[in-house]
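One structure is given here, and the rest of the page talks about it.
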Amino acid sequence: MHCMTYGTRHVRTISREPPVDPPNMLARTFARTSARFGTRTLATRMPIVGGNWKCNPKTPEEVPALIDNINACDTSGCEVYVCPSPLHVGLVQGKLTSGAVVAPQNCNFTGCGAYTGEMAVDQMAAMGITWVLIGHSERRGEFGLPTPKESNELLATKLKYILDKGLNCVFAIGEPLPIREKGLDAVLAECVEQLKDVKDLLDPARVVIAYEPVWAIGTGVTASPEQAQETHAAIRAWIAKEVSPAVAEGIRIQYGGSANAKNAPDLSAMPDIDGFLVGGASLKPEFADIVAAIAKAKA
Ligand code: PGA
(Lines give C-alpha, C1' and ligand atoms only; values in the text may rest on other atoms or scores of the structure.)
Protein backbone atom coordinates (compact mmCIF):
# COMPACT_ATOMS: atom_id res chain seq x y z
CA MET A 1 0.00 0.00 0.00
CA HIS A 2 1.92 2.99 -1.24
CA CYS A 3 0.61 5.35 1.42
CA MET A 4 2.43 3.46 4.19
CA THR A 5 5.90 4.74 3.49
CA TYR A 6 8.17 5.72 6.30
CA GLY A 7 10.88 8.30 6.16
CA THR A 8 12.43 7.40 2.82
CA ARG A 9 14.04 10.84 2.90
CA HIS A 10 16.43 9.57 5.58
CA VAL A 11 17.25 6.23 4.00
CA ARG A 12 19.01 7.81 1.08
CA THR A 13 21.33 9.86 3.22
CA ILE A 14 22.64 7.56 5.94
CA SER A 15 24.08 4.09 6.21
CA ARG A 16 22.29 1.10 7.70
CA GLU A 17 24.52 1.21 10.78
CA PRO A 18 23.92 3.62 13.64
CA PRO A 19 26.39 6.50 13.62
CA VAL A 20 29.45 5.95 15.77
CA ASP A 21 29.70 8.52 18.52
CA PRO A 22 32.92 10.45 18.92
CA PRO A 23 34.45 9.85 22.33
CA ASN A 24 33.34 12.94 24.20
CA MET A 25 32.73 11.92 27.74
CA LEU A 26 30.95 14.64 29.65
CA ALA A 27 27.42 13.24 29.37
CA ARG A 28 28.68 9.70 29.96
CA THR A 29 30.42 10.71 33.15
CA PHE A 30 27.33 12.66 34.15
CA ALA A 31 25.11 9.60 33.59
CA ARG A 32 27.44 7.30 35.49
CA THR A 33 27.58 9.70 38.39
CA SER A 34 23.81 9.88 38.46
CA ALA A 35 23.49 6.12 38.71
CA ARG A 36 24.15 6.72 42.38
CA PHE A 37 20.97 8.76 42.72
CA GLY A 38 18.11 7.20 44.61
CA THR A 39 16.94 3.61 44.72
CA ARG A 40 15.48 3.16 41.28
CA THR A 41 14.56 -0.36 40.35
CA LEU A 42 13.19 -1.59 37.05
CA ALA A 43 10.00 -2.74 38.71
CA THR A 44 9.04 0.77 39.75
CA ARG A 45 8.45 1.95 36.20
CA MET A 46 5.66 0.22 34.31
CA PRO A 47 6.77 -0.16 30.70
CA ILE A 48 4.79 1.71 28.06
CA VAL A 49 4.65 1.18 24.31
CA GLY A 50 2.89 3.39 21.79
CA GLY A 51 1.99 2.81 18.17
CA ASN A 52 2.23 5.91 15.99
CA TRP A 53 0.29 5.30 12.81
CA LYS A 54 1.24 8.76 11.52
CA CYS A 55 -0.72 9.53 8.33
CA ASN A 56 -1.81 5.91 7.76
CA PRO A 57 -3.80 4.01 6.64
CA LYS A 58 -5.30 5.50 3.52
CA THR A 59 -8.81 4.09 3.83
CA PRO A 60 -11.15 3.70 6.78
CA GLU A 61 -11.66 0.09 5.72
CA GLU A 62 -8.07 -0.63 6.72
CA VAL A 63 -8.48 0.67 10.25
CA PRO A 64 -10.11 -2.43 11.82
CA ALA A 65 -7.12 -4.63 10.92
CA LEU A 66 -4.80 -2.12 12.56
CA ILE A 67 -7.04 -2.04 15.63
CA ASP A 68 -6.74 -5.85 15.75
CA ASN A 69 -2.95 -5.46 16.07
CA ILE A 70 -3.46 -3.24 19.10
CA ASN A 71 -6.11 -5.47 20.63
CA ALA A 72 -3.76 -8.44 20.28
CA CYS A 73 -1.41 -6.86 22.85
CA ASP A 74 -1.21 -8.23 26.37
CA THR A 75 -1.35 -5.08 28.48
CA SER A 76 -0.98 -6.81 31.85
CA GLY A 77 2.75 -6.00 32.00
CA CYS A 78 2.96 -2.96 29.75
CA GLU A 79 0.76 0.05 29.07
CA VAL A 80 -0.16 0.52 25.42
CA TYR A 81 -1.39 3.52 23.49
CA VAL A 82 -2.06 4.11 19.83
CA CYS A 83 -1.85 7.36 17.87
CA PRO A 84 -4.25 7.17 14.91
CA SER A 85 -4.21 9.86 12.27
CA PRO A 86 -6.51 12.75 13.28
CA LEU A 87 -9.20 11.67 10.80
CA HIS A 88 -9.26 8.17 12.26
CA VAL A 89 -9.23 8.95 15.98
CA GLY A 90 -13.01 8.62 16.15
CA LEU A 91 -12.84 5.26 14.37
CA VAL A 92 -10.51 3.87 17.02
CA GLN A 93 -11.76 5.43 20.25
CA GLY A 94 -14.18 2.96 21.85
CA LYS A 95 -12.87 0.00 19.81
CA LEU A 96 -9.89 -0.96 21.95
CA THR A 97 -10.57 -4.09 23.97
CA SER A 98 -7.25 -4.95 25.61
CA GLY A 99 -6.75 -1.92 27.85
CA ALA A 100 -4.86 0.12 25.27
CA VAL A 101 -5.80 3.78 24.89
CA VAL A 102 -5.97 6.31 22.08
CA ALA A 103 -3.43 9.16 22.09
CA PRO A 104 -3.90 11.66 19.25
CA GLN A 105 -0.74 12.83 17.46
CA ASN A 106 -1.14 16.52 18.25
CA CYS A 107 -3.43 19.04 19.94
CA ASN A 108 -4.00 22.75 20.28
CA PHE A 109 -3.53 24.81 23.42
CA THR A 110 -6.57 27.00 23.63
CA GLY A 111 -9.68 24.84 23.57
CA CYS A 112 -12.64 25.05 21.21
CA GLY A 113 -13.42 28.01 19.01
CA ALA A 114 -12.40 29.54 15.72
CA TYR A 115 -9.29 27.42 15.19
CA THR A 116 -9.67 25.87 11.76
CA GLY A 117 -7.90 22.56 11.36
CA GLU A 118 -7.06 22.14 15.06
CA MET A 119 -7.84 19.37 17.55
CA ALA A 120 -8.70 20.70 21.01
CA VAL A 121 -7.63 18.94 24.17
CA ASP A 122 -11.11 19.83 25.44
CA GLN A 123 -12.65 17.82 22.58
CA MET A 124 -10.38 14.90 23.43
CA ALA A 125 -11.38 15.00 27.07
CA ALA A 126 -15.05 15.05 26.07
CA MET A 127 -14.44 11.92 23.95
CA GLY A 128 -12.91 10.09 26.90
CA ILE A 129 -9.38 10.39 25.53
CA THR A 130 -6.76 10.46 28.29
CA TRP A 131 -3.41 10.70 26.48
CA VAL A 132 -1.98 12.83 23.70
CA LEU A 133 1.37 12.84 21.88
CA ILE A 134 3.18 16.10 21.20
CA GLY A 135 6.66 17.13 20.11
CA HIS A 136 7.23 14.45 17.48
CA SER A 137 10.17 15.42 15.28
CA GLU A 138 7.83 15.47 12.31
CA ARG A 139 6.05 18.35 14.03
CA ARG A 140 9.32 19.92 15.17
CA GLY A 141 10.38 20.56 11.58
CA GLU A 142 11.55 17.15 10.36
CA PHE A 143 8.38 16.73 8.35
CA GLY A 144 9.73 16.92 4.82
CA LEU A 145 7.15 19.62 4.16
CA PRO A 146 7.63 23.38 4.43
CA THR A 147 5.25 23.75 7.36
CA PRO A 148 6.27 25.88 10.35
CA LYS A 149 8.25 24.11 13.08
CA GLU A 150 6.68 23.71 16.48
CA SER A 151 9.00 25.47 18.90
CA ASN A 152 10.05 24.37 22.36
CA GLU A 153 8.08 27.31 23.73
CA LEU A 154 4.90 26.28 21.89
CA LEU A 155 5.29 22.69 23.06
CA ALA A 156 5.68 23.86 26.66
CA THR A 157 2.43 25.82 26.31
CA LYS A 158 0.73 22.74 24.90
CA LEU A 159 2.01 20.49 27.67
CA LYS A 160 0.80 22.88 30.37
CA TYR A 161 -2.62 23.05 28.73
CA ILE A 162 -2.84 19.25 28.39
CA LEU A 163 -2.01 18.72 32.05
CA ASP A 164 -4.35 21.52 33.18
CA LYS A 165 -7.18 19.80 31.30
CA GLY A 166 -6.46 16.52 33.04
CA LEU A 167 -4.91 14.58 30.17
CA ASN A 168 -1.58 12.77 30.17
CA CYS A 169 1.13 13.40 27.61
CA VAL A 170 3.81 11.64 25.63
CA PHE A 171 6.42 14.33 25.01
CA ALA A 172 8.78 13.48 22.16
CA ILE A 173 12.33 14.76 21.83
CA GLY A 174 15.38 13.78 19.79
CA GLU A 175 18.35 14.95 17.78
CA PRO A 176 19.03 15.01 14.03
CA LEU A 177 22.03 13.19 12.56
CA PRO A 178 24.49 16.14 12.45
CA ILE A 179 24.11 16.50 16.21
CA ARG A 180 24.56 12.76 16.87
CA GLU A 181 27.74 12.90 14.79
CA LYS A 182 29.17 15.41 17.26
CA GLY A 183 28.76 12.92 20.10
CA LEU A 184 26.78 12.33 23.25
CA ASP A 185 27.47 15.71 24.83
CA ALA A 186 25.91 17.45 21.84
CA VAL A 187 22.98 15.02 21.88
CA LEU A 188 22.36 15.70 25.54
CA ALA A 189 22.60 19.45 24.97
CA GLU A 190 19.93 19.19 22.25
CA CYS A 191 17.67 17.05 24.44
CA VAL A 192 18.10 19.53 27.29
CA GLU A 193 17.16 22.36 24.93
CA GLN A 194 13.93 20.50 24.16
CA LEU A 195 13.22 19.65 27.81
CA LYS A 196 14.25 22.74 29.73
CA ASP A 197 11.01 24.68 29.16
CA VAL A 198 8.94 21.73 30.44
CA LYS A 199 11.13 20.52 33.28
CA ASP A 200 8.71 21.73 35.94
CA LEU A 201 5.86 19.86 34.21
CA LEU A 202 7.56 16.45 34.25
CA ASP A 203 5.13 14.60 36.49
CA PRO A 204 6.12 10.91 36.24
CA ALA A 205 2.50 9.82 36.67
CA ARG A 206 1.31 11.93 33.75
CA VAL A 207 4.18 12.59 31.38
CA VAL A 208 6.21 10.09 29.39
CA ILE A 209 9.28 11.20 27.45
CA ALA A 210 9.78 9.59 24.04
CA TYR A 211 13.43 9.86 23.01
CA GLU A 212 13.50 9.45 19.25
CA PRO A 213 16.73 10.16 17.38
CA VAL A 214 15.61 11.66 14.08
CA TRP A 215 18.18 9.64 12.12
CA ALA A 216 16.56 6.42 13.34
CA ILE A 217 12.97 7.31 12.51
CA GLY A 218 11.64 5.40 9.55
CA THR A 219 15.13 4.57 8.31
CA GLY A 220 15.60 0.99 9.48
CA VAL A 221 18.66 2.25 11.38
CA THR A 222 18.04 1.69 15.07
CA ALA A 223 20.19 3.20 17.78
CA SER A 224 22.28 0.43 19.29
CA PRO A 225 21.06 -0.66 22.73
CA GLU A 226 24.19 0.89 24.27
CA GLN A 227 23.71 4.17 22.39
CA ALA A 228 20.05 4.39 23.41
CA GLN A 229 20.86 3.39 27.00
CA GLU A 230 23.55 5.99 27.50
CA THR A 231 21.35 8.69 26.01
CA HIS A 232 18.41 7.71 28.22
CA ALA A 233 20.72 7.57 31.24
CA ALA A 234 22.11 11.02 30.45
CA ILE A 235 18.59 12.47 30.09
CA ARG A 236 17.59 10.85 33.37
CA ALA A 237 20.71 12.20 35.06
CA TRP A 238 19.90 15.68 33.84
CA ILE A 239 16.35 15.37 35.24
CA ALA A 240 17.76 14.12 38.56
CA LYS A 241 19.95 17.20 38.79
CA GLU A 242 17.55 19.81 37.39
CA VAL A 243 14.21 18.54 38.73
CA SER A 244 14.68 15.89 41.41
CA PRO A 245 16.03 12.37 41.84
CA ALA A 246 12.47 11.16 42.53
CA VAL A 247 11.14 12.52 39.24
CA ALA A 248 14.15 11.08 37.40
CA GLU A 249 13.58 7.68 38.96
CA GLY A 250 9.88 7.66 38.21
CA ILE A 251 9.61 9.15 34.76
CA ARG A 252 9.39 6.74 31.86
CA ILE A 253 11.59 7.28 28.83
CA GLN A 254 10.56 5.46 25.66
CA TYR A 255 12.92 4.80 22.79
CA GLY A 256 11.67 5.45 19.26
CA GLY A 257 13.27 4.97 15.86
CA SER A 258 12.91 1.78 13.82
CA ALA A 259 11.96 -0.24 16.88
CA ASN A 260 10.62 -3.63 15.86
CA ALA A 261 10.04 -7.14 17.17
CA LYS A 262 13.61 -8.14 16.35
CA ASN A 263 15.47 -5.36 18.16
CA ALA A 264 12.98 -4.87 21.01
CA PRO A 265 14.37 -7.61 23.30
CA ASP A 266 17.94 -6.18 23.33
CA LEU A 267 16.73 -2.61 23.71
CA SER A 268 14.32 -3.70 26.46
CA ALA A 269 17.19 -5.21 28.43
CA MET A 270 18.64 -1.73 28.94
CA PRO A 271 17.82 -0.38 32.39
CA ASP A 272 16.85 3.14 31.33
CA ILE A 273 14.66 2.13 28.37
CA ASP A 274 11.09 1.98 29.66
CA GLY A 275 9.22 1.40 26.44
CA PHE A 276 8.98 2.23 22.76
CA LEU A 277 7.26 4.65 20.46
CA VAL A 278 6.80 2.57 17.34
CA GLY A 279 5.99 3.87 13.88
CA GLY A 280 6.25 1.44 10.98
CA ALA A 281 6.04 -1.73 13.07
CA SER A 282 2.87 -0.49 14.76
CA LEU A 283 1.09 -1.10 11.47
CA LYS A 284 1.97 -4.78 11.65
CA PRO A 285 1.05 -7.73 13.87
CA GLU A 286 4.60 -7.69 15.29
CA PHE A 287 3.55 -4.70 17.42
CA ALA A 288 2.19 -7.16 20.02
CA ASP A 289 5.62 -8.87 20.10
CA ILE A 290 7.29 -5.56 20.95
CA VAL A 291 4.88 -5.10 23.85
CA ALA A 292 5.53 -8.67 24.99
CA ALA A 293 9.32 -8.21 24.75
CA ILE A 294 9.48 -5.24 27.09
CA ALA A 295 6.88 -6.67 29.47
CA LYS A 296 9.05 -9.77 29.78
CA ALA A 297 12.29 -7.84 30.20
CA LYS A 298 10.90 -5.64 32.98
CA ALA A 299 8.79 -8.29 34.74
P1 PGA B 1 9.55 4.34 13.15
O2 PGA B 1 8.85 5.67 13.69
O3 PGA B 1 9.33 3.27 14.19
O4 PGA B 1 8.85 4.04 11.86
O5 PGA B 1 10.99 4.64 12.98
C6 PGA B 1 8.89 6.02 15.04
C7 PGA B 1 8.23 7.34 15.26
O8 PGA B 1 8.40 8.25 14.45
O9 PGA B 1 7.50 7.52 16.25
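The values are calculated or read from the model by the stated rules, or taken from the named source; none is laboratory data. All figures in this text were calculated on a predicted structure; none of them were measured in a lab. Backbone-built Cβ (ideal geometry, glycine too); neighbour counts: all protein chains shown.
Details
- Residue check, residue 130 more than 16 Å from the ligand (Cβ to nearest atom), out of contact with any Pro (no Cβ under 7 Å at 6 or more places or on another chain), under 21 Å from residue 171 (Cβ atoms) and at pLDDT 95 or above: yes
- So residue 217, is it crowded, with 17+ Cβ neighbours inside 10 Å and within 16 Å of the ligand (Cβ to nearest atom): yes
- Filtered residue count, region 279-299, keeping only those that are in a loop (DSSP other than H, G, I, E, B) and among the aliphatic types (A, V, I, L, M): 1
- Residue count for region 197-214, restricted to those that are within 16 Å of the ligand (Cβ to nearest atom) and either hydrophobic (A, V, I, L, M, F, W, C) or not in a loop (DSSP other than H, G, I, E, B) (or both): 5
- Of all residues in region 226-243, none satisfies the criterion of being out of contact with any Pro (no Cβ under 9 Å at 6 or more places or on another chain) and either at positive phi or within 16 Å of the ligand (Cβ to nearest atom) (or both).
- Test: residue in region 285-294 that is surrounded by fewer than 22 Cβ atoms within 10 Å (Cβ to Cβ), touching a residue at least 12 places away in the same chain (Cβ under 8 Å) and away from the ligand (no atom under 16 Å from the Cβ): yes
- Residue 168 in contact with a strand residue (DSSP E or B) (Cβ under 8 Å, 6 or more places away or on another chain) and either farther than 25 Å from residue 94 by Cα or in contact (Cβ under 8 Å) with a residue 24 or more places away in the chain (or both): yes
- Checking each residue in region 249-278 for being of a type in the set (Gly, Ala, Ser), under 17 Å from the mean Cα position of the chain (by Cα) and either more than 14 Å from the ligand (Cβ to nearest atom) or outside any helix (DSSP H, G or I) (or both) picks out 250, 256, 257, 258, 259, 261, 268, 275.
- Filter result (in a strand (DSSP E or B) and either within 15 Å of residue 293 (Cα to Cα) or not aromatic (Phe, Trp, Tyr) (or both)) within region 58-85: 79, 80, 82, 83
- Test result for residue 165, surrounded by fewer than 22 Cβ atoms within 10 Å (Cβ to Cβ) and more than 15 Å from the ligand (Cβ to nearest atom): yes
Yes or no, residue by residue, for (1) within 19 Å of residue 90 (Cβ to Cβ); (2) outside any strand (DSSP E or B):
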| site | (1), (2) |
| --- | --- |
| 112 | yes, yes |
| 119 | yes, yes |
| 123 | yes, yes |
| 129 | yes, yes |
| 138 | no, yes |
| 162 | no, yes |
| 172 | no, no |
